[in-house]
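Laboratory data are not the source of any read-out in this text; all were calculated from the coordinates shown. Just so it is clear, the structure is predicted and the values come from calculations on it, not from any experiment. Here Cβ is always computed from backbone atoms with ideal geometry, including for glycine, and neighbour counts include all displayed protein chains.
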Ligand code: KG4
Ligand code: ZN
């Protein structure tokens, strides 16, 4: 069957069309067309995503992106302008920014009515899990992973950090999650402290890589919050605050002014308003050191918790999904787990499927479709759980 998927949960307007076949034990997907319109440049000046602006941009971009994907996939007959062959429309209904989600849902409903096609809702995080199903984000590639169960999924994105135990595609249980900031959010906030543009993940990762290549000496070791807790939960807010205090100390030393107030709210505000001037005092070397130490700390926490879950649940597969899997070192470290656990197969999405896209939504939508109970209603839910 041919499925059109729509994703507008955050700052990417994305549409994909795939051909899907098979049941939960043997899946096959062929990508027919895909486009992602990123709003990063628009949100950059606010240092993060601005919801009403995101909604406006989705509204503006959806028809343009649709046209592009319909043409690319050959679904639209060039002469008659008729749409033929779409069997199902799927759309992200949560979690995410509700005004942004509604634009996608309303657009999907209108298309459904116009084409006489069924529309079902998809959970964005299930999309991140399904993102590993297509090994190459290339048109006409039929390559689907046949994942063995039980599986463990570590989801690391801008809004979520969670560990999921999966008996099969349809039976999932969250075993742990972040108690405060998500990993991607921590990357973005630390980047802001270092005066780096949004989204901060790729920027921090570039600096950290430079630090490793140049062997920048490490003066500071940041904490690994909750690394020894006997559960599968995470916490990244304390780590972020340690980075903040370390920067404050460096700046104070630089200024030779030791009586800076140590009130955190004041400091956060100060970091925002007064940053350009103060942060310019951090040298490139200091920024690299902070980026590397922060990244090391995050990776150590993620690996440690995941390994404990591997030892307890003995999964046959580990799926690592979400925008933060675009991180080079994270990919490397998690793939290395296959050497340490020879019975484990590790799946990480191809890089263009790591960050938000609609291809992963179409695949998750197909999985919902073949298990009717999982079809979600067409109502935006910003906090939708897995
Ligand atoms: O999954 P995603 O595209 O959107 C959400 O569902 O949240 O994830 C976006 C997050 C951002 O926080 C971004 O900074 C982070 O993924 N990210 C990275 C990298 N590329 C994107 N974090 C670390 N290293 C990267 N290379
Ligand atoms: Zn996402």
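Data overview
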{"quantity": "DSSP-defined beta bridges in the stretch 1-141 - what % are antiparallel, rounded to 5", "calculated": "65"}
{"quantity": "C-alpha long axis of helix 264-273 to longest principal axis of the chain, angle in °", "calculated": "70"}
{"quantity": "Pairwise FRET efficiency - residue 81 versus residue 335, Cβ, R0 = 56 Å, nearest 0.05", "calculated": "0.75"}
{"quantity": "Segments 334-347, 149-162, 99-112, 4-17 sorted - mean Cβ within 10 Å per residue, highest first", "calculated": "4-17, 149-162, 99-112, 334-347"}
{"quantity": "Computed log₁₀ I(q)/I(0) - Debye formula, equal Cα scatterers, no solvent, the chain, q 0.08 Å⁻¹", "calculated": "-0.43"}
{"quantity": "DSSP beta bridge pairing in the chain, given as percent antiparallel to the nearest 5", "calculated": "65"}
{"quantity": "Between the stretch 166-222 and the stretch 340-386, the Cα center-to-center distance that results, in Å", "calculated": "21"}
{"quantity": "At q = 0.15 Å⁻¹, base-10 log of I(q)/I(0) for the stretch 28-73 (Debye sum, equal scatterers on each alpha carbon)", "calculated": "-0.49"}
{"quantity": "Among 306-314, 213-221, the order from most to least packed when residues are scored by Cβ within 10 Å on average", "calculated": "306-314, 213-221"}
{"quantity": "Helix 284-313 axis, angle to the chain major axis (alpha carbon atoms, nearest 10°)", "calculated": "60"}
{"quantity": "Geometric extent, Cα atoms of the stretch 45-98 - Rg, Dmax (angstrom)", "calculated": "15.1, 45"}
{"quantity": "Translational diffusion coefficient (Stokes-Einstein; Kirkwood radius from C-alpha pairs) of the stretch 282-386 at 10 °C, 1.306 mPa s, in µm²/s", "calculated": "96"}
{"quantity": "Debye log10 I(q)/I(0) for the stretch 121-222, one point scatterer per Cα, at q = 0.12, 0.18, 0.23 Å⁻¹", "calculated": "-0.61, -1.02, -1.17"}
{"quantity": "Spatial extent of the stretch 1-125: Rg and Dmax, with the Cα atoms as the point set, Å", "calculated": "14.9, 46"}
{"quantity": "Approximate spin-label separation residue 145-residue 383, in nm, with each point projected 7 Å along Cα-to-Cβ", "calculated": "3.1"}
{"quantity": "Helix axis angle, 98-115 relative to the chain longest principal axis, alpha carbon, degrees", "calculated": "10"}
